[in-house]
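Reviewing the structure listed below.
The values are calculated or read from the model by the stated rules, or taken from the named source; none is laboratory data. Everything numeric here is computed off the predicted structure, so don't read it as measured data. Reconstructed Cβ throughout: ideal geometry from the backbone, glycine too, with neighbour counts over all protein chains shown.
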Amino acid sequence: MYKVGIDLGSSYTKGVLLDENYNILEYHFVKTGFDFNKASQKIITKFSEKYEITYPIYTCGYGREQLKVETVANSEITALAKAVYHKYGRACSVIDIGGQDTKYIKVNDAGGVERFKMNRKCAAGTGSFIEEIAFRLDVTATEFNEIAEEASEEIKISSFCTVFAVSEIIGKIKGGTSLPNLVLGIYHSVIDRCFELSLMDDYLIITGGIPDNHPLIVKLFKEKFSNTESPENSQFLAAFGSVLLNKQNLK
Amino acid sequence: MSQEKSGIIKLQSVGLLRQTMGDYFGRLKEAVDTGNKKIAWCTSVGPAELLYSMGFEVYFPENHGAMLGASKKADTYIPSAVSQGYSPDICSYLTSDIGAFLQNETPLQKSGFKSIPKPDILVYNTNQCREVADWFSYYAKHFSAPIIGVNTPLCINALTPNIVKNVAKQFEELVPELEKVSTQKFDIDRFRETIELSRDGCVLWRKVLETARHKPSPINFFDSAIHMGPIVVMRGTEYATDYYKVLLAELNNRVENNISAVPNEKHRIYWDGMPLWYKLSDMAKLFAKHDTSIVASTYCNSWVFDDLDPASPFESSALAYCKLFIVRADEVKENVLEKLVSDFSIEGIIYHESKTCARNSNNLYGLHNRLFKKTNVPFLEIHGDLNDSRCYSEESSIIAIETFVDQLGNGQ
């Protein structure tokens, strides 16, 4: 019996396929686009090529109620907390950096959500911030990490408005600042915004598409807060948690 | 019992509410059309009783602002005000109201008004914010009408006799100009009457809100935000007291029969901050869907002026209008909220931080964290605005609200 969890985010739709022992066998993600159902269907079709999947599909995220197949919708924050606790088995703080929002979750020692906070309405500190700047600098977001690895010093980017940040960067380029140092500055800007969400008083887990694709960000988090970890494929955790949340209901 | 498709059980009194508010606007229109009475503009927690006692019909621009928000068109009006030099970051009642005026539009046109009623005088109290003075100044200039007001100290901690004396004096100093414009001599006995009517209306309104202590609650925030209309705009008249007697009777009946505003009420929440006027119905359905009732709020509790006393109308007006929650220091606010949280059996608090209304956003200076330490009641902050829907991210707020309610369900 193969179960599927899907996290329908505003930027990407992430799916996991689990066996009867809740081991993750497959991961797949697609760009969400404007049709949540279509994006999810691509994932379901992909998994169905090799496995006979069972319904309902366990969903979370913005588009969690948009599928045209049988689903059980879940809160993505609760799902993420569940998955993190499943992996680490302890109370911790979670920062999830997604495409359009950043979340702080305090997971208690029973695996529940003690409190949570989301970023304010602007895109600062989220994947959109990085993607927009990459686009304007004409580099791919995935090249960002390699570029930042070559930095020799951190440059402070003070604007948190994406558009103003680009103007600031152009000013610094004119002043002779290197691109690697600027990109490192962008990463620090994202991290600083994350630390505004809450005081971190214990163990910090970083999740989401951003840490998965920009591993240097996790390293920089550790420099600021040593008890930091980021599991592999963390952007799939919420999808995984959606299935785990319904474990007691599953035969 | 009428039940909407969403499952919310509608109050029967809403029909009488419509009539009461309709009659209020009818009286205003008569004053506009015939000049039978002078028209005073007043701020929502301004000296309505004094104005009614001097024979004015009283118009409240903030009530109009809320109508603009509820019409979902406020964000089409705000840019007009911004083009005149007002920041989009200031009070969106102000910017949408002035913007609508510049575009010569008003929801009042559906009631036969050509435009908002021209003021003969504008009267403000800065107890709630400074913006009302700026707002009224715009119209005073435009209509060449006199503008007078009371300037109340901000963030009052201890409400000392000196503060009350100072503000009471300012109330008294409004009288000469009011006499000039109304062409009526100030009558202290008439003022005592309106003060008594206002107090009676406020006591009834308080009792209306207190029915929500019952589990399940017969009324929720999305009802109260509408049913508070009379206590805001008809405070000091028999129209408000008459209406609330009827509403209270209906709510008491609901309490006796365990009829709840939200069927299957499982969670009880406190709402701090302004309503999102453009999302009232959607939010009512969202919370009902999750068996959650917003049973108390700072906003609706704000029109309770128990201290009004016909024996000392000026002094008690000063006391009542300074004692108001929005005027007070955080220390006082925390104590008030702590009591409300206990009285109404609150499981969770939602702080709505309005982009353009810092005075009604009580999470800005850490109050939410301090209150959590005292009460251990979990809270959620959502970011939006009272009227400017462009400031509200609906999808992420829905996720946040649903997660918060989920948390309450898990007893965390």
The range A:66-100, residues that are over 27 Å from A:Thr54 (Cβ atoms), aromatic (Phe, Trp, Tyr) and within 14 Å of chain B (Cβ to nearest Cβ): none
Could you say whether any residue in the range B:96-103 is in contact with an Asp or Glu (Cβ under 9 Å, 6 or more places away or on another chain), farther than 29 Å from B:Glu193 by Cβ and outside any helix (DSSP H, G or I)? no
What is the one condition in (1) away from chain B (no Cβ under 14 Å); (2) in contact (Cβ under 8 Å) with a residue 60 or more places away in the chain; (3) within 28 Å of A:Ala148 (Cα to Cα); (4) aliphatic (A, V, I, L, M) that A:Ile133 does not satisfy? (2)
Sort out for me the helices (runs of 4 or more DSSP H) sitting completely within the range A:162-251 that have 1 or more residues that are within 14 Å of the chain's Cα centre (by Cα). A:179-195, A:209-213, A:215-224, A:237-244
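Where in the range B:284-389 are the helices (runs of 4 or more DSSP H), entirely inside, with at least 2 residues that are of a type in the set (D, E, K, R) and within 13 Å of another protein chain (Cβ to nearest Cβ)?
Filter on the range B:284-389 gives an empty set.
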Within the range B:390-404, work out how many residues are of a type in the set (A, V, I, L, M, F, W, C) and either more than 9 Å from every other protein chain (Cβ to nearest Cβ) or surrounded by fewer than 20 Cβ atoms within 10 Å (Cβ to Cβ) (or both). 2
Given (1) surrounded by fewer than 22 Cβ atoms within 10 Å (Cβ to Cβ); (2) more than 12 Å from chain B (Cβ to nearest Cβ); (3) among the aliphatic types (A, V, I, L, M); (4) more than 17 Å from the chain's Cα centre (by Cα), identify the lone condition not met by A:Ala110. (2)
Scope the range B:81-95; condition out of contact with any helix residue (DSSP H, G or I) (no Cβ under 8 Å at 6 or more places or on another chain) and in a helix (DSSP H, G or I); matching residues: B:Ser83
Return a yes/no flag: does the range A:165-180 have any residue that is in contact with a Pro (Cβ under 6 Å, 6 or more places away or on another chain), modelled with pLDDT of 85 or more and buried (at least 17 other Cβ atoms within 10 Å of the Cβ). no
Breaking point among (1) facing chain B (nearest Cβ under 10 Å); (2) surrounded by 24 or more Cβ atoms within 10 Å (Cβ to Cβ), for A:Lys117: (2)
Breaking point among (1) more than 30 Å from B:Tyr392 (Cα to Cα); (2) surrounded by fewer than 18 Cβ atoms within 10 Å (Cβ to Cβ); (3) of a type in the set (Phe, Trp, Tyr), for A:Phe135: (1)
I'd like to check something: does the range B:253-269 contain any residue that is modelled with pLDDT of 95 or more, under 25 Å from B:Ser342 (Cα atoms), touching a His at 6+ places or on another chain (Cβ under 7 Å) and crowded, with 23+ Cβ neighbours inside 10 Å? no
Within the range B:139-154, the residues that are modelled with pLDDT of 95 or more and surrounded by fewer than 18 Cβ atoms within 10 Å (Cβ to Cβ) are B:Lys141, B:His142, B:Phe143, B:Ser144, B:Pro146, B:Asn151, B:Pro153
Anything in the range B:41-64 that is under 16 Å from B:Tyr138 (Cα atoms) and out of contact with any Pro (no Cβ under 7 Å at 6 or more places or on another chain)? List them, or say none. B:Cys42, B:Thr43, B:Phe60, B:Pro61, B:Glu62, B:His64
For residues in the range B:390-412 being outside any helix (DSSP H, G or I) and out of contact with any Leu (no Cβ under 7 Å at 6 or more places or on another chain), which is nearest to B:Ser87 (Cα to Cα)? B:Ser393
If you go through the range A:204-224 one residue at a time, how many are buried (at least 17 other Cβ atoms within 10 Å of the Cβ) and in contact (Cβ under 8 Å) with a residue 24 or more places away in the chain? 13
